[in-house]
Structures are given as structure tokens and as C-alpha cells.
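The values are calculated or read from the model by the stated rules, or taken from the named source; none is laboratory data. As the structure is a prediction and not an experimental result, all values here were calculated from the model. Don't worry about glycine lacking a Cβ; one is built from the backbone with ideal geometry, like all the others, and counts go over all protein chains shown.
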Amino acid sequence: MAIYIDPPLWPAHGTHFSHLVSDSSLAELHGFAAAAGIPERAFDGDHYDVAERSFDDLVAAGAVPVEARVLVRKLIASGLRIPARQRNKSLKVPLFNRWEAIMPGHDALFLDLLDRWSEPHRRYHGCTHLLSVLEALDLLTDPDDPPLTVLLAAWFHDAVYRGVAGQDEEDSASLAEERLEAAGLPGAQVAEVARLVLLTSDHRPEPGDGDGALLCDADLSVLGAEPGEYARYVADVRQDYAHIGDADFAAGRAAVVRHLLELDPLFHTPRAKDLWQEAAHRNLKGELA
């Protein structure tokens with residue numbers, strides 16, 4: 001059992017905050033927080049938000065300092081993590097800090113992407129999906145060597161979303177090329193991000209395409225969710241297509257589900273197969289039935 005704390009990188013109220021979590025139980029976390037004098041109001045479902053002025057004292061009291069990505073992994077592994085779509089607070093701050101970790105200083109581009117992911121017509125394909133894909137990549141990648149182009153492709157893969165399969169991915173790839181070139185990213189990396197975004201149209205990376213496999217697996221990770229979360233996913237997708245009649249939606253959705261069931265493999269990386277494949281096939285077959 002251990003208490004972990006990430007660096008004070010999260011801006012709010014004129015300072016920066018860290019997250020304090022337990023890798024085993026909320027009781028342990030509450031006990032540590034109480035002993036350290038952290039007020040109950042700082043608790044946010046699965047962690048405490050603590051101001052940077054307290055960081056050194058909390059480490060001295062026994063909290064283990066780790067990078068933010070490692071802390072998220074510890075929390076997910078503990079089983080205490082509250083899924084993104086079940087949170088009530090704005091996702092702007094956690095998304096901003098993830099963006100800062102890969103594209104520091106490009107705040108205007110972040111805000112443009114945030115606006116796109118926050119468009120009112122999105123229900124499933126919104127900020128919670130973006131964060132879920134990024135968190136899935138946390139599970140599939142080395143926290144000490146995050147794949148920049150894969151992470152950027154995750155940010156751009158549904159940046160344009162009008163519900164037009166294929167065209168949305170093409171427009172999102174074009175947007176990535178335009179904005180990342182303007183941001184000064186090397187041409188080879190820009191092209192790779194665009195290539196990866198296009199893969200999310202059919203989730204069929206070529207054999208040996210490790211980065212493509214990572215992005216496709218992360219994008220489809222929701223398929224392996226627990227039944228309740230999967231039901232919410234399907235309901236949210238229906239809301240994304242609220243402009244389509246029930247009969248037409250049912251036919252289109254059934255075609256999508258059949259396509260996913262026909263993918264062989266559905267997940268490509270060994271870790272993703274272990275985490276999600278069995279549940280995904282069960283969920284998809286249940287939905288089709």
C-alpha cells in the first residue's frame with residue numbers, strides 16, 4: 001500500500017495543484033490526508049487536489065512523488081479510478097496538462113481543439129472520449145517514452161466530427177496537417193500524425209504498424225468496457241446521430257457492429273487483447289442480438 005503524488009502542474013486559483021492518490025484504498029487515502037491536515041473539501045471522488053505549497057511536506061510525510069502518467073496508471077490499477085464520463089467537473093484542466101506535456105507553449109492550438117471537442121452536437125465523440133483514448137494510451141505505452149505522433153493523432157482523430165464516416169477522418173487529418181505544420185512540427189511527424197488519424201476510419205493498421213495499432217486499440221478500448229459503461233457508450237452514440245430516424249440508425253449501427261466483429265484481430269497489441277478483447281466481443285454480440 002502506498003500514497004502517490006504527481007508534480008504540481010495543474011493551474012487553478014492562482015497556484016498549481018498536485019493529485020494525491022492511494023494504490024489500494026480510499027480509507028488509506030483519507031487517513032493520510034487527515035493526518036496531513038488536508039481538508040475534506042479537497043477530495044474529488046478518487047483523489048485529493050493539493051496546492052503546490054504542500055508538496056514538499058506531503059512527500060516528507062510519506063507520499064511517493066511520480067510523474068502524472070505514472071500516477072494515473074497506479075490509480076487505474078487500484079480499481080479506484082472514476083471513469084472520465086462519470087466525472088462532473090470540467091475536463092479542461094486535465095486535458096490542458098496532458099497537452100502541455102507534449103506541445104508546451106501552443107495554448108491557442110489547445111483551445112481550438114478543446115472548442116472542437118466541446119461542440120454541442122457531440123455526445124460520445126466529445127472531451128470524455130478524447131480523455132478516455134489518452135488514458136487508454138497510458139495503459140498501452142511506456143510512460144518514460146510516450147509516442148508523440150500517436151498522442152497528437154489521438155488529439156486530432158475526431159477533431160472534425162459531423163457524423164460523416166470517412167470524410168470526418170479525412171478532414172481531421174487535413175486539420176492536423178495544417179495546424180501542426182503551422183506549429184513548427186517537422187514535416188515527417190506531421191505526415192505521420194495525419195496517416196494515423198486516417199487509420200481510425202476503419203481501424204485496420206497493416207501488420208507491423210506498431211503506432212497504428214496503438215491508436216486503433218486505444219480508440220476502440222470502450223468496446224471492452226463493463227456492461228453499464230458500454231450501455232452508456234451506445235446511448236451516447238445514438239445521441240450523436242439524433243438527426244437520423246430510429247430505423248435508419250439501427251441499420252447503420254448494426255453494420256458498424258458487424259464490421260467490428262469481423263475485424264481480425266479486433267485489437268492488435270498484446271496488452272489491449274488482454275484488457276479488452278473478451279469483453280468487447282461479448283458486448284458487441286450482445287448489442288447485435
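The condition (being within 18 Å of Leu91 (Cα to Cα) and outside the structural domain of Leu140 (by TED's automatic domain parsing)) is satisfied by just one residue among Phe32, Phe43: Phe43. Of all the criteria given as (1) in a helix (DSSP H, G or I); (2) touching a residue at least 12 places away in the same chain (Cβ under 8 Å); (3) within 25 Å of Leu215 (Cβ to Cβ), the one not satisfied by Asp57 is (3). Among residues of the stretch 107-132 that are closer than 21 Å to Ser201 by Cα, those with a Cβ under 7 angstrom from a residue that is of a type in the set (Asp, Glu) and assigned to a helix (DSSP H, G or I), sequence gap 6+ or separate chain, pair up as Arg122/Asp240; Arg123/Asp236; Arg123/Asp240; Tyr124/Asp236; Tyr124/Asp240; His125/Asp240.
Conditions (1) of a type in the set (Asp, Glu); (2) modelled with pLDDT of 90 or more, marked per residue:
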{"residue": "Asp46", "(1), (2)": "yes, no"}
{"residue": "Asp49", "(1), (2)": "yes, no"}
{"residue": "Asp56", "(1), (2)": "yes, yes"}
{"residue": "Gly62", "(1), (2)": "no, yes"}
{"residue": "Val72", "(1), (2)": "no, no"}
{"residue": "Ala77", "(1), (2)": "no, no"}
{"residue": "His106", "(1), (2)": "no, yes"}
{"residue": "Asp112", "(1), (2)": "yes, yes"}
{"residue": "Asp115", "(1), (2)": "yes, no"}
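Test Arg271 against the criterion of being more than 22 Å from the chain's Cα centre (by Cα) and either in the same structural domain as Asp211 (by TED's automatic domain parsing) or of a type in the set (A, V, I, L, M, F, W, C) (or both), and give yes or no. It is false that Arg271 is more than 22 Å from the chain's Cα centre (by Cα) and either in the same structural domain as Asp211 (by TED's automatic domain parsing) or of a type in the set (A, V, I, L, M, F, W, C) (or both).
Contact map, the stretch 202-227: first residue surrounded by 16 or more Cβ atoms within 10 Å (Cβ to Cβ) and part of a helix (DSSP H, G or I), second residue aromatic (Phe, Trp, Tyr) and modelled with pLDDT of 95 or more, Cβ cut-off under 7 Å, separation 6 or more or different chains; pairs are Asp217/Phe267; Ser221/Trp276; Leu223/Trp276; Gly224/Trp276. Taken over the stretch 97-146, the criterion of being of a type in the set (Gly, Ala, Ser), under 26 Å from His268 (Cβ atoms) and surrounded by fewer than 17 Cβ atoms within 10 Å (Cβ to Cβ) is satisfied by Ala101 alone.
Residues are listed down the side, and each one gets a yes or a no for (1) closer than 30 Å to Leu275 by Cα; (2) charged (D, E, K, R); (3) surrounded by fewer than 19 Cβ atoms within 10 Å (Cβ to Cβ):
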position: Ala36; (1), (2), (3): no, no, yes
position: Ala42; (1), (2), (3): no, no, yes
position: Ala60; (1), (2), (3): no, no, yes
position: Glu67; (1), (2), (3): yes, yes, yes
position: Lys74; (1), (2), (3): yes, yes, no
position: Gly79; (1), (2), (3): yes, no, yes
position: Leu95; (1), (2), (3): yes, no, no
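If you go through the stretch 265-282 and keep only what is surrounded by 14 or more Cβ atoms within 10 Å (Cβ to Cβ) and free of Cβ contacts under 8 Å to residues at least 40 places away in the same chain, you end up with Lys273, His281, Arg282. Name the residues in the stretch 173-201 that are surrounded by fewer than 21 Cβ atoms within 10 Å (Cβ to Cβ), of a type in the set (A, V, I, L, M), within 25 Å of Phe267 (Cα to Cα) and in contact (Cβ under 8 Å) with a residue 24 or more places away in the chain, would you? The one that is surrounded by fewer than 21 Cβ atoms within 10 Å (Cβ to Cβ), of a type in the set (A, V, I, L, M), within 25 Å of Phe267 (Cα to Cα) and in contact (Cβ under 8 Å) with a residue 24 or more places away in the chain: Leu198. Please determine whether any residue of the stretch 180-200 is within 19 Å of the chain's Cα centre (by Cα), modelled with pLDDT of 95 or more, not in a helix (DSSP H, G or I) and not acidic (Asp, Glu). Yes, some residue in the stretch 180-200 is within 19 Å of the chain's Cα centre (by Cα), modelled with pLDDT of 95 or more, not in a helix (DSSP H, G or I) and not acidic (Asp, Glu). No other residue among Arg238, Arg271 is within 24 Å of Ala153 (Cα to Cα) and assigned to a helix (DSSP H, G or I) apart from Arg271.
Residues in the stretch 248-262: is at least one part of a helix (DSSP H, G or I), of a type in the set (D, E, K, R) and under 23 Å from His106 (Cβ atoms)? No, that holds for no residue. Among the candidates Leu175, Leu196, Leu215, Leu180, the residue that is under 24 Å from Ala77 (Cα atoms) and not acidic (Asp, Glu) is uniquely Leu215.
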